[in-house]
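The values are calculated or read from the model by the stated rules, or taken from the named source; none is laboratory data. All of these numbers come straight from a predicted model, not from anything done at the bench. So basically every Cβ, Gly included, is an ideal-geometry build from the backbone, and we count neighbours across all protein chains shown. Ligands, DNA and RNA are stripped out before the accessible areas are found, and what is left, the full protein with its side chains, is counted by its heavy atoms. Shrake-Rupley method; radii C 1.70, N 1.55, O 1.52, S 1.80 Å.
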Amino acid sequence: MSNQVIFNWEKLLSAKRRSKDEEKDMPDIWACARTEIERDYDRIVFSAPTRRLANKTQVFPMEEHDSIRTRLTHSNEVSNLARGAGVSLCCNGFFNNKNIDRDRLIRDIPALLSTIGIVHDMGNPPFGHQGEKAIQDWFKEELKESKYIDHFQDFLNFDGNAQTLRLVTSLHSADGHFGMDLTTATLAAMVKYPVFNSDKKGFAKGGVFNSEKYIFEEVWYKTGLREGIRHPLCYILEVCDDIAYATIDAEDTIKKGYASYSDLKNWLDEELGKNEFFNQTYTKIAEEVKKFKHRHGKDITSEVQKEVSVEIFRSITINKLLSSATNCFLEDFYSEKHKLWFSRGEGVPYEISKNFEFNKEIKALKNFTRNYGFNNSSVLMLELQGRNRIHELMNYVWLGIKNTDENLNIDNHYEKYILSKISINYLREFKRKYKDASKPEEKLYAKYQLLTDYISGMTESYLDRTHSEIKPLYESFSKCNKP
């Protein structure tokens with residue numbers, strides 16, 4: 001496929017929705033209250049799955065400290081960085097030579113990047129990547145003797161990215177047909193791994209479940225893309241995500257008390273040696289702290305000084321990294337380097353954060369958080385507890401749904417109770433898929449997907465409460481129904 005076809009910006013920014021073939025006619029872009037892509041952002045912000053992110057892990061599970069980020073605050077910050085990058089692209093004339101209305105771009109590009117920023121982690125299960133691993137491990141045990149195992153790769157490779165796409169296209173809807181009915185531009189740009197879980201084709205992960213296969217074949221067609229090729233603006237999202245969690249997770253690790261600002265400086269010095277990027281940052285921090293002291297008098301404590309230093313470190317670092325990343329996107333696009341966007345390398349697709357001038361600095365920051373944050377014993381303990389609860393709760397729920405059918409026929413009160421706990425949107429989609437299934441493995445796929453929809457949609461506190469609530473009922477029911 002030629003570059004001209006791949007980078008047809010009229011298609012890449014298509015405001016068509018799956019529910020209709022025509023775009024709304026907007027003769028005066030500045031006369032409309034909201035463009036279609038701006039409406040996508042509003043649909044995401046007001047959705048229940050977005051609200052649930054407030055009680056899902058970013059770094060620290062079951063966190064009660066108000067200043068520590070959750071998955072929701074992280075998503076809002078990524079959205080903010082992505083919007084800023086979009087404004088920068090428009091102001092720097094990136095689209096001046098494109099055959100598309102510039103005024104529309106000024107409104108739609110920042111809005112599109114804001115939207116995919118806030119939605120990018122929506123499908124993450126409780127306890128983040130450890131939750132993904134817990135779901136995968138449950139299915140490895142469940143399917144170890146299954147003759148249909150090749151049909152269930154979506155569950156063995158369960159991933160929050162693919163679940164995000166399922167949420168917005170299939171699950172979150174009054175009628176279940178089009179989900180949130182987002183524009184094809186937004187749907188295409190939010191696909192981090194544009195391949196199917198059942199056949200990752202060179203990517204480290206698959207980003208689309210087979211249940212949404214026909215949807216994304218349609219989306220790629222309408223936006224001029226194809227399987228395996230990312231939407232160009234996805235590269236902006238990815239580097240904003242990398243910058244956010246490289247810097248902000250390091251800040252939270254320090255605020256949590258697992259490390260100090262001095263630990264951060266020492267870590268970066270050891271990993272990077274004499275580093276101009278951070279040495280300039282330290283000088284700027286010293287200047288800003290001096291001004292802060294001057295404004296607030298000599299009574300400023302060392303604790304406050306350290307907190308101010310960390311916040312200034314985060315602010316300066318993000319600003320420098322984002323500016324450099326945006327420039328890298330522009331340089332790559334206008335040079336031969338953009339061909340890397342279509343190569344998959346050794347299982348890892350091209351990413352700006354691994355190819356721009358400050359990739360070592362980002363890696364060092366991530367390593368700091370991994371060492372002091374993720375590997376802290378209390379964090380590991382909570383993640384292990386979360387993993388065990390997910391496994392046990394999947395056993396409890398599976399016992400309640402494995403014998404049902406498209407009419408949700410049930411044999412006993414335990415099954416009736418379990419089904420009563422599950423969202424009617426999830427049940428509606430299950431009934432549709434189960435009814436359409438003609439083979440035993442397809443019917444079983446629908447049941448497994450109902451299980452993962454329910455578990456992955458839980459917040460951490462809801463998971464904890466539901467586990468405690470169902471456990472005695474499961475134990476009692478299992479004891480009474482032993483063969």
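Annotations for the structure displayed:
- Condition met for LEU165 (within 19 Å of GLY117 (Cβ to Cβ) and open to solvent by less than 20 Å² (accessible area, probe 1.4 Å)): yes
- Tallying residues that are closer than 24 Å to VAL239 by Cβ, touching a Leu at 6+ places or on another chain (Cβ under 9 Å) and buried (at least 20 other Cβ atoms within 10 Å of the Cβ) within region 359-399 yields 6.
- Which numbered condition TYR417 fails, given (1) assigned to a loop (DSSP other than H, G, I, E, B); (2) open to solvent by 40 Å² or more (accessible area, probe 1.4 Å): (1)
- Considering only residues in region 278-304 that are closer than 27 Å to ASN376 by Cβ and of a type in the set (A, V, I, L, M, F, W, C), the one that is most open to solvent (accessible area, probe 1.4 Å) turns out to be VAL304.
- Condition check for SER14: of a type in the set (S, T, N, Q), surrounded by 19 or more Cβ atoms within 10 Å (Cβ to Cβ), part of a helix (DSSP H, G or I) and modelled with pLDDT of 85 or more: no
- Flag for ASP241 being in a helix (DSSP H, G or I), among the charged types (D, E, K, R) and open to solvent by less than 20 Å² (accessible area, probe 1.4 Å): yes
- Any hit, region 292-305, residues being modelled with pLDDT of 90 or more and of a type in the set (Val, Ile, Thr): no
- Residue match in region 161-178 (condition: in a helix (DSSP H, G or I), farther than 22 Å from GLU442 by Cα, touching a residue at least 12 places away in the same chain (Cβ under 8 Å) and of a type outside the set (A, V, I, L, M)): yes
- For beta carbons closer than 8 Å, sequence separation of 6+ or different chains, a first residue in region 135-154 that is surrounded by fewer than 13 Cβ atoms within 10 Å (Cβ to Cβ) and a second that is of a type outside the set (Lys, Arg) and outside any loop (DSSP other than H, G, I, E, B), the qualifying pairs are LYS140/LEU156.
- Scan of region 236-271 for residues that are within 15 Å of ARG69 (Cβ to Cβ) and of a type in the set (S, T, N, Q), ordered by number: THR247, THR253
- Test: residue in region 176-199 that is of a type in the set (Ser, Thr, Tyr), closer than 28 Å to SER19 by Cα and open to solvent by 10 Å² or more (accessible area, probe 1.4 Å): yes
- Matching residues in region 420-438 - criterion: being part of a helix (DSSP H, G or I) and open to solvent by less than 40 Å² (accessible area, probe 1.4 Å): ASN425, TYR426, LEU427, GLU429, PHE430, TYR434
- Restricting region 337-358 to residues that are crowded, with 18+ Cβ neighbours inside 10 Å and under 28 Å from LEU268 (Cα atoms), the residue that is modelled with the highest pLDDT: PHE358
- Options GLU357, GLU351, GLU336: the member that is without any contact (Cβ under 8 Å) to a residue 12 or more places away in the chain and under 30 Å from ILE109 (Cα atoms): GLU336
- Residue in region 209-217 that is within 18 Å of the chain's Cα centre (by Cα) and not in a helix (DSSP H, G or I) present: yes
- The set of residues in region 245-283 that are in a helix (DSSP H, G or I) and among the aromatic types (Phe, Trp, Tyr) comprises TYR245, TYR261, TRP267, PHE277, PHE278, TYR282.
- Hey, GLU271 surrounded by fewer than 22 Cβ atoms within 10 Å (Cβ to Cβ) and at pLDDT below 95 or not: yes
- Only one entry in GLN58, GLN130 is part of a loop (DSSP other than H, G, I, E, B), at pLDDT below 90 and within 20 Å of LYS192 (Cα to Cα), namely GLN58.
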